């Protein structure tokens, strides 16, 4: 059996912040939990679980039939950079920190380097993923890469939840690591801080109320959620920002230049683009991935303008009042009402 330590050592040389190993056995309990949450209508209709096989999602053999081990890795994305930019006439909408750059693609590149090492040294077959079609958080938990916070995000002891996850699924048998015997104790700061109360109980998220999920949902946002939306354009990290573990994590220099969009984007430009221009402008960032709904991004821009109440933007907001898209038309009316 190949030792996990040898893999971890080369992973570090490849630029992966932390490496852990687990077996490729299916995540049966996770599959049952997801199905229960689907039954309880905790997912948005745009998340397509009704068209995705939960069983395949929770079993890496659906991707590599001869899989024996999973190499789990993470990359920290916490950087010491300004988080907002706005001035009269040039309002910006906030982008969630993990999306400032394409950390997923960067981690995937680094994991590919490690995977090629496994192929060369051990004749391994492999598949590499990051933000991919397998159960990343359960893999991270079982491998000991991290543990679940009560916000249902993986917490690493060193980097907190400021990490993106990635995996190498391989057909070689590697000594597995053990899960961490850590949890959040009595802390409920993330639950208390969630602006929409989407964390209904520890580890349970009602994604119909989660701003992070709603920023890519093509629908009309309920009034009570609009009131706390702020000037977010994509994503929400409130539950992470209040976490005591996260507050102790040391900020790093930027890890990649891939897909660099920064902490915010100009709202007037977003509303003046068509979809082709939008996807071309941000081609290397996950903001332009095929599953990102462009109309939802424009809706978010209108919500942000309503929050900022910059009078120089009134003409642009009014231009959407009679838009053929009901979502954009009603959101623009809401934004105008805020003035």
Relative packing of 16-27, 72-83, which averages over residues the other C-beta atoms within 10 Å, highest first: 16-27, 72-83
Spin-label model distance (nm) - residue 46 vs residue 121, 7 Å beyond Cα toward Cβ: 4.4
Between helix 326-337 and the chain: long-axis angle, C-alpha atoms, 0 to 90°, nearest 10: 60
Gain in span if fully extended, residue 333 to residue 53, counting 0.36 nm per residue against the direct Cα distance: 96.9 nm
Radius of gyration and Dmax over the Cα atoms of region 103-250, both given in Å: 17.8, 58
Helix 28-39 vs. the chain, principal-axis angle (Cα, 0 to 90°, nearest 10): 20
Angle in degrees between helix 4-13 and the longest Cα principal axis of the chain, rounded to the nearest 10: 50
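For a test of the definition: using alpha carbon positions, the gyration tensor, and the 1.5 limit on a/c, classify region 175-274 as rounded, prolate or oblate.
Because a/c hits 1.5 or more and a/b fails to exceed b/c, region 175-274 counts as oblate.
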Exposure proxy order (Cβ contacts within 10 Å, fewest to most) of 92, 151: 92, 151
Span from the region 65-115 Cα centroid across to the region 280-294 one, whole angstrom: 14
Chain lengthening between residue 323 and residue 188 when straightened (0.36 nm per residue, less Cα-Cα): 44.4 nm
Per-peptide average of other Cβ atoms within 10 Å, ordering 193-206, 134-147 highest first: 134-147, 193-206
Protection proxy ranking, peptides 326-335, 53-62, average beta carbon neighbours within 10 Å, highest first: 326-335, 53-62
Region 1-63 shape via C-alpha gyration tensor axes, a/c threshold 1.5: prolate
Prolate/oblate/rounded label for region 19-137 (Cα gyration tensor, a/c 1.5): oblate
Region 106-155: relative contact order as a whole-number percent, Cα under 8 Å and 6+ apart: 23
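Readers should treat all values here as calculations from the given coordinates under stated rules, not as data from a laboratory. Just so it is clear, the model here is predicted, and its values are computed rather than measured. No Cβ is skipped: glycine too gets one built from the backbone with ideal geometry, and neighbour counts run over all protein chains shown.
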